[in-house]
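K.L.:
Shown below is the structure under consideration.
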Amino acid sequence: MPATRPRAVEFSARRVKTRGKQPLNNDERYWAKTKRLMITSLVIWAIFSFVVHAFAAPLNQIVILGFPLGFYMAAQGSLIVFVVLIFWFARRQDAIDREFGVAETD
């Protein structure tokens with residue numbers, strides 16, 4: 001019995017935008033936007049996870065409400081940024097999903 005290979009699922013073949021010589025179809029544009037959003041979010045996360053805390057000692061020279069800024073950023077500031085980042089990411093991803101017609105129904 002010969003092995004049968006599954007057929008590739010074909011997505012929308014409508015060509016809309018070009019990058020270099022190869023035009024991008026709708027699915028490729030969707031994943032490009034999603035990937036760009038994810039990379040942006042990860043860069044913001046990395047900055048507030050590692051970079052800000054690496055400079056905690058110099059930041060301790062600045063005092064806010066009686067607490068050194070380095071302590072504040074470690075205890076409160078980064079967590080606030082992470083929560084805001086989650087909501088921002090969800091909102092932007094939903095906008096991308098709606099733009100390409102793949103949004104979940106409410």
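The values are calculated or read from the model by the stated rules, or taken from the named source; none is laboratory data. What you see is a predicted model; the values in this text were computed from it and never measured. As a convention, Cβ positions derive from the backbone with ideal geometry for all residues, glycine included, and neighbour counts pool all protein chains shown.
K.L.:
Which members of the range 87-106 meet the condition of being assigned to a helix (DSSP H, G or I) and surrounded by 12 or more Cβ atoms within 10 Å (Cβ to Cβ)?
P.N.:
88, 89, 92, 93, 94, 95, 96, 97, 99
K.L.:
Moving on to the next point. Sort out which residues of the range 70-87 are under 16 Å from residue 47 (Cβ atoms) and free of Cβ contacts under 8 Å to residues at least 12 places away in the same chain, and write them in order of number.
P.N.:
79, 80, 83, 84, 86
K.L.:
Here's another thing I want to ask about it. Quick check on my filter: what residues within the range 32-48 are of a type outside the set (A, V, I, L, M, F, W, C) and surrounded by 15 or more Cβ atoms within 10 Å (Cβ to Cβ)?
P.N.:
The answer is 33, 34, 41.
K.L.:
Scan the range 54-81 residue by residue and report those that are part of a helix (DSSP H, G or I) and surrounded by 14 or more Cβ atoms within 10 Å (Cβ to Cβ).
P.N.:
56, 59, 69, 70, 71, 72, 73, 74, 77, 78, 81
K.L.:
Name the single residue that is modelled with the lowest pLDDT among those in the range 21-73 being closer than 23 Å to residue 100 by Cβ and of a type in the set (A, V, I, L, M).
P.N.:
Here the answer is 24.
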